[in-house]
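What follows is a single structure, written as structure tokens, with notes after it.
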Amino acid sequence: VRIFFKCFCYDDIDVSGAVIPLASQFVSTLQKEMEGRMQSSSFRISNHMPQLLAVMYQQMKYPLDFEFDYEDEDDAEEEMYRTELRKLNQTIIRVCPEMALQFLCTSLSKVKAPLSTAQTNEIEAALRLI
């Protein structure tokens, strides 16, 4: 799990994007855990969900210097990466809506007020959680 989080929070989207399928598996495991279909074990994925949500939210933020250019291959990859993160977030919302709502409220409360003083990438990431 430690290696997963090191990769997921890595600054390069090739590295962090490579573990998004594993993050989706974590969410599937969480669903089984919540439904009581998991054999009792000392490892509980639910203990790691707050960290998964926090890293996902940080990774949703575009770089400050990002300006989308449809013809730029790197920018297109950035957009595809954010799309995969949005899908992951939607899955989390379906599996554990209470946890997702609590994280959303906490994240929105941390956005600088007034919004005119907040960084654009911070506002965009917060809106993606909704």
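The values are calculated or read from the model by the stated rules, or taken from the named source; none is laboratory data. Everything numeric here is computed off the predicted structure, so don't read it as measured data. No Cβ is skipped: glycine too gets one built from the backbone with ideal geometry, and neighbour counts run over all protein chains shown. Please note that ligands, DNA and RNA were not included when accessible areas were found on the heavy atoms of the full protein model with its side chains. Shrake-Rupley method; radii C 1.70, N 1.55, O 1.52, S 1.80 Å.
Computed over protein heavy atoms with a 1.4 Å probe, the carbon and sulfur contribution to the accessible area of segment 1-75 reaches 48%. Rounded to the nearest 10 degrees, the angle from helix 97-109 to the longest Cα principal axis of the chain is 30 degrees. On a per residue basis, the chain carries 64 Å² of accessible surface, using protein heavy atoms and a 1.4 Å probe. In this structure, E71 and A118 have a Cβ-Cβ separation that, at R0 = 25 Å, corresponds to a calculated FRET efficiency of about 0.25. With each label modelled as a point 7 angstrom along the Cα→C-beta vector, the R2-I93 pair spans 3.5 nm.
Using C-alpha pairs below 8 Å separated by at least 6 residues, the relative contact order for the chain is 27 percent. One way to sum up the overall shape of segment 58-130 is the equivalent ellipsoid from its Cα gyration tensor, whose semi-axes run 23, 18, 6 Å, largest first.
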